[in-house]
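Scroll down for the structure; my scribbles are underneath it.
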Amino acid sequence: MAQSAKSQKKSQSLVVNLVLILICIIWLVPIFGILITSFRQSTDIFNSGWWTVFPHKEQVTTTEIKLTTDVADLKAIADSGSQISISPETAEFIGLQIEEEMPTEEEIAAGAEIPTYDAETVDGVSATFDEFVQGVELDDGRLIRWSGSNIRGRTLTLSDNRLVWFDTDLTIKNYKDVIGGKTVTYKDGQGQTITRIGNNLGGAFLNSLAVSIPGTIIPILIAAFAAFGFAWLNFPGRNILFTIIVALLVVPLQIALVPILQDYVALGLNGTFLGIWLAHAGFGLPLATYLLFNYISTLPRELLESAYIDGASNFTIFIRLILPLSVPALASFAIFQFLWLWNDYLVALVFLGEKNKTVTIAVAEMVGEKGQDWHLMTSAAFVSMVLPLVVFLALQRYFVRGLMAGSVKG
Amino acid sequence: MVPAKNTKPNKSGIIGWFSSTIGQILISLFIPSITFIVLWQGYLFLQRAKAPQIVQVVVAIIWGVGGVALLYVVANWLVLKLPKTWSKRLQPFVFVGPAVAIMGWFLAVPAIRSLVSSFRDRLGDGWVWFDNYIYAFTDPRMLETFRNNLLWLVFGTSFSVGMGLLIAVLADRSKAEVLYKSIIFTPMAISFVGAGVIWKFIYTYKGIGANIQEIGLLNAIVSGLGGTPQPWLSLSPWNNFFLIIIMVWLQTGYAMVILSSAIKGVPAELLEAARIDGASEARAFFNITIPYIKGTIITVVTTIVIFSLKTFDIVRVMTGGNNGTNVIANEFYLQSFTYTNKGRASAIAIVLLLLVTPIIINNLRQFNKDRKGF
C-alpha cells in the first residue's frame, strides 16, 4: 500500500514536471526564434524558417535540368493542361553539385580515378505543368520540380531528401546595421541588394537611458518626500489629499494626454527630456507615493521620536534616517518604474515623438516601415530587450516584492 | 549644489551681519534666484547643445536628478528662514507640495479638463454637449472597440489568471520551482513593442504560391500538419485572439508570481486534514486553496482587467487597429493625434475613466477600512 502510494507520487511529480517543461518551452520558443533569426543572414531569413538551423531533413538540390528547345511550345502545352514529358533527350543537364572531393593532380598522376559525373539521369517523367511546379516524386525518392512558377523558365531542379545537420551561416551584421545610423545594404530573398537608411538604435538606446534614469529617480525622490510628509507630519488637508492620491492610483493616463500636450506646446516642453520626466513623474507618483507611504508609515515610531528629541529637523531625519531605512522599498519601486519607463511606448510617442526617439519608438517605427525586414527587426527587438532583461533577471527578487506591494488591493 | 554649499561657512562666520533682517531677506531672495538661474542655464544647454549625444545624455541625467534634489534643499532652507510658527506650518508642504502639485497638474486637473473638452467640438471652440458621447456609444467604430475590449477583458484576463494559477499550483509541487517560475516570468521584462515584433514574426505569412516556405512558426506548423497557411492577423474576428495571446504570454508571469505566494500561505495543516479525511487533490484545491486565496485572485483579476482596458501598444504595433482589431485606447490615440478631434478623444478618455470608476471606488472603500494608522 505504502509502496504504491509512493510510486503514485513519483509518477504524479513526473507528470507535473512534464507539463511545466512543456509550458516553459512554449513560453521560450518565441524569444528563442527571434534570437536565432537576428543572427542569420538576411537571404536565409527570407527563404527558410529559423528552425532550419537545427538538424532536419530537407530537399537538397542536386541537379538542375534545362529543357532543350525541342519541347516546342511549352505555353500551349501548359494552357491545354496536357502533360509535359521529360526524357533524357529533351533535357539538358546543367550544374551539378559535386559532393565528392576531386583528387589532386598528384593523385591523378599516381593513377587515381577521376570521378565522372554522368548527369543524374531522369527516366521519362510525364506530368502537367502544375504538377511539376508542385514537385513530382520519382521512383527513387528524388523530387523533380519546376523552378519558379514561370513556364518560360525551362529549368527544373532535381532534389534529394537529405539530413542537414548544421549549415547555417551566422552573422552579427544585423546588429551592426541596426545599431549604427548609416545606410545599410543587404540582400533580399531574390538576392537583390537593397539599400536603406539605418535606424540608429544606438542613439535611441542612449535616449531611452536619458528618459529612464531620471524618470525613475525623480518621482521616487518626490514620492519619498511626500510619503514621509503624509506618514509623519501633521498638516491641514492631509486626509483628503491622500484619499485623492488613492483615487488616482488607477486613473488611465489617457485622460491627461490631450490637456498636457496642450500645456507642453504652450510651454515649449514638447519633445524635451524635462517634459517626459515630468509626465512620467506625474503618472507614476500616485503608485510611488502610495507604496512608499505604506512602507514608511510602518517604521517604528520610537526611532523618529528619539531623533526629534535629539533636536534633528524633519529634513535631517528624512535624509539621515528615513531614506536609508527605506532602501528596500525604494529599490523595489525603482526597478518597477525603470522597466515601465524603458518599455513605455505611448507616453514617449506623445511627448517625445520624432525628436529624441526612444528604443520602443524606433522599433515600432521599423515594424511600420519595414514590415518584412526580419533580420533588422529581430535584432532591433533584441537590442531593446537586453537592458530590461538584465536588470530584471539580476534584481528579480526586488521586483517581485514591489509587484506584491503594488497590486492594487482588492 | 553650489549655492547651498556657499551658505554654510557664512552662517557660522559673519553672524553679526546675518542677524540683520535686511541681510536675511536679501539672502533668501538671492539663493533661490541663483538656483533658478543655474537650473535654467542647464535647461538651455540641453536645448541647444551640439555636444555628442552621450555627453548630452549624461548632462541631462545629472541636471534632472540634481536639480530636483537641489530644489528640495533650497525650499527647505527657505522655509526654515521664516519665523518659527510659519516654518512649522509650511514645512509639511515642502515635503508633500511638489508631489501634490505634479499629480494635480498631470492627473487630477486633466480629468476635469478632459471632461470639459469632451463637451466641446473637435478644436475645443464651441459646445457640442453630448455629441461626442453619442459618437462614443453609437458609432460602429466605437462599438467595434467595445466588443474587442470585452474580448480582451474576458479572455485575456481569464487565460492569464487561469494559466498563472495552473503554473503556480504545479510549480509548487516541483523541485525546480524557481527555474520554471523565472522562465514564465521573463516576458514581463519585455516591452509590448518588443513582444509585438516577436509575435508578428510567429504570425507572419508569405502568401499563396508554389513552394513557398513559410518563415512564420504558426504557418509552418499549420502547413506541416497539412493545413493551409493563413494571414492570421487579417482574419477578423479571430485576429483579436491572436493579439490576446500576446497579452497572456506577457501577463501570466505576473498572475503566477502573486498567486504562487498566496498559495504558499495556505496552511499545510488544513490541506493535510482534508487529505486525511479522504478528499482528492482536486477537491482540496477547489474547497480549501481557492477560497483561501480568493482575495488575491480578485486583486490579480482587477489589475489585469485594468490592463486589458488600457491595452494599446500591442494593437498599435501589430495591426494598427485595422482588420477589426481596434481597441478603445487605440481609437483614443487615432482621434487625438491622427484625426485631431479633441472633443471625441476627450470623450473616449472619459469613457475609459468611467470604466475604471468601480475599481477606484472599491480602492477607496478598502483604503478607508484599512487606515487605522492614519
Considering each of B:Val317, B:Val300 in turn, give the residue that is of a type outside the set (Gly, Ala, Ser) and either over 22 Å from A:Val363 (Cβ atoms) or over 24 Å from the mean Cα position of the chain (by Cα) (or both).
B:Val300
Counting only residues that are touching a residue at least 60 places away in the same chain (Cβ under 8 Å) and not hydrophobic (A, V, I, L, M, F, W, C), how many does the stretch A:374-399 have?
5
Within the stretch A:238-284, residues under 32 Å from the mean Cα position of the chain (by Cα) and among the small types (Gly, Ala, Ser) come out as A:Ala256, A:Gly271, A:Gly275, A:Ala279, A:Ala281, A:Gly282, A:Gly284
Of the residues that make up the stretch A:276-287, is at least one surrounded by fewer than 19 Cβ atoms within 10 Å (Cβ to Cβ), without any contact (Cβ under 8 Å) to a residue 60 or more places away in the chain, outside any loop (DSSP other than H, G, I, E, B) and within 9 Å of chain B (Cβ to nearest Cβ)?
no
Can you tell me which of (1) assigned to a loop (DSSP other than H, G, I, E, B); (2) more than 7 Å from chain B (Cβ to nearest Cβ); (3) surrounded by 18 or more Cβ atoms within 10 Å (Cβ to Cβ) is the one A:Gly271 doesn't meet?
(3)
Among the numbered conditions (1) in a loop (DSSP other than H, G, I, E, B); (2) of a type outside the set (Val, Ile, Thr); (3) within 14 Å of chain A (Cβ to nearest Cβ); (4) farther than 30 Å from A:Leu22 by Cβ, tell me where B:Ser174 comes up short.
(4)
A:Phe46 vs. criteria touching a residue at least 60 places away in the same chain (Cβ under 8 Å) and either among the β-branched types (Val, Ile, Thr) or part of a helix (DSSP H, G or I) (or both)
yes
How many residues, within the stretch A:367-397, are surrounded by 20 or more Cβ atoms within 10 Å (Cβ to Cβ) and either among the charged types (D, E, K, R) or more than 7 Å from every other protein chain (Cβ to nearest Cβ) (or both)?
7
I'm checking my understanding of the structure. Among residues of the stretch B:110-142 that are under 25 Å from the mean Cα position of the chain (by Cα) and aliphatic (A, V, I, L, M), which one is nearest to the other protein chains (Cβ to nearest Cβ)?
B:Ala111
In the stretch B:177-225, what residues are more than 22 Å from A:Ile21 (Cβ to Cβ), in contact (Cβ under 8 Å) with a residue 60 or more places away in the chain and not in a helix (DSSP H, G or I)?
B:Ser191
Answer yes or no: is there a residue in the stretch B:260-279 that is within 22 Å of the chain's Cα centre (by Cα), touching a residue at least 24 places away in the same chain (Cβ under 8 Å) and closer than 28 Å to A:Trp342 by Cβ.
no
Is it the case that the stretch B:144-162 has a residue that's at pLDDT 90 or above, at the interface with another protein chain (Cβ under 7 Å from one of its Cβ atoms) and either closer than 29 Å to A:Val363 by Cβ or crowded, with 18+ Cβ neighbours inside 10 Å (or both)?
no
Options B:Gly104, B:Gly42, B:Gly97, B:Gly67: the member that is among the small types (Gly, Ala, Ser) and over 30 Å from A:Leu233 (Cβ atoms)
B:Gly42
Would the stretch A:247-260 turn up any residue that is under 21 Å from A:Asn356 (Cα atoms), surrounded by fewer than 24 Cβ atoms within 10 Å (Cβ to Cβ) and at the interface with another protein chain (Cβ under 9 Å from one of its Cβ atoms)?
no
Look through B:Val222, B:Val169, B:Val197 and report the one residue that is closer than 30 Å to B:Lys264 by Cβ and assigned by TED's automatic domain parsing to the domain that holds B:Leu355.
B:Val169
Identify the single condition in (1) more than 26 Å from B:Val178 (Cα to Cα); (2) surrounded by fewer than 16 Cβ atoms within 10 Å (Cβ to Cβ); (3) modelled with pLDDT under 85 that B:Leu225 does not satisfy, given that it satisfies every other one.
(3)
Can you find a residue in the stretch A:302-313 that is facing chain B (nearest Cβ under 10 Å) and surrounded by fewer than 24 Cβ atoms within 10 Å (Cβ to Cβ)?
yes
Restricting the stretch B:313-355 to residues that are surrounded by fewer than 21 Cβ atoms within 10 Å (Cβ to Cβ) and assigned to a loop (DSSP other than H, G, I, E, B), which is farthest from the other protein chains (Cβ to nearest Cβ)?
B:Gly324
Answer with yes or no whether B:Ala284 is over 28 Å from A:Ile361 (Cα atoms), in a helix (DSSP H, G or I) and either β-branched (Val, Ile, Thr) or assigned by TED's automatic domain parsing to the domain that holds B:Gly216 (or both).
yes
Of the residues in the stretch A:30-39 that are touching a helix residue (DSSP H, G or I) at 6+ places or on another chain (Cβ under 8 Å), of a type in the set (A, V, I, L, M, F, W, C) and more than 7 Å from chain B (Cβ to nearest Cβ), the one that is nearest to B:Val197 (Cα to Cα) is A:Leu35
Is it true that A:Ala329 is more than 11 Å from every other protein chain (Cβ to nearest Cβ), among the small types (Gly, Ala, Ser) and either buried (at least 23 other Cβ atoms within 10 Å of the Cβ) or not in a helix (DSSP H, G or I) (or both)?
yes
For the stretch B:301-310, state whether one or more residues are among the aromatic types (Phe, Trp, Tyr) and more than 8 Å from chain A (Cβ to nearest Cβ).
yes
Quick one: count up the residues across the stretch A:197-228 that are facing chain B (nearest Cβ under 7 Å) and in contact with a Leu (Cβ under 6 Å, 6 or more places away or on another chain).
1
Got a number for residues in the stretch A:332-361 being in contact (Cβ under 8 Å) with a residue 40 or more places away in the chain, within 9 Å of another protein chain (Cβ to nearest Cβ) and part of a helix (DSSP H, G or I)?
8
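The values are calculated or read from the model by the stated rules, or taken from the named source; none is laboratory data. Everything numeric in this text was worked out from a predicted model, so none of it was measured. Positions of Cβ are backbone-derived with ideal geometry, glycine not excepted, and every protein chain shown enters the neighbour counts.
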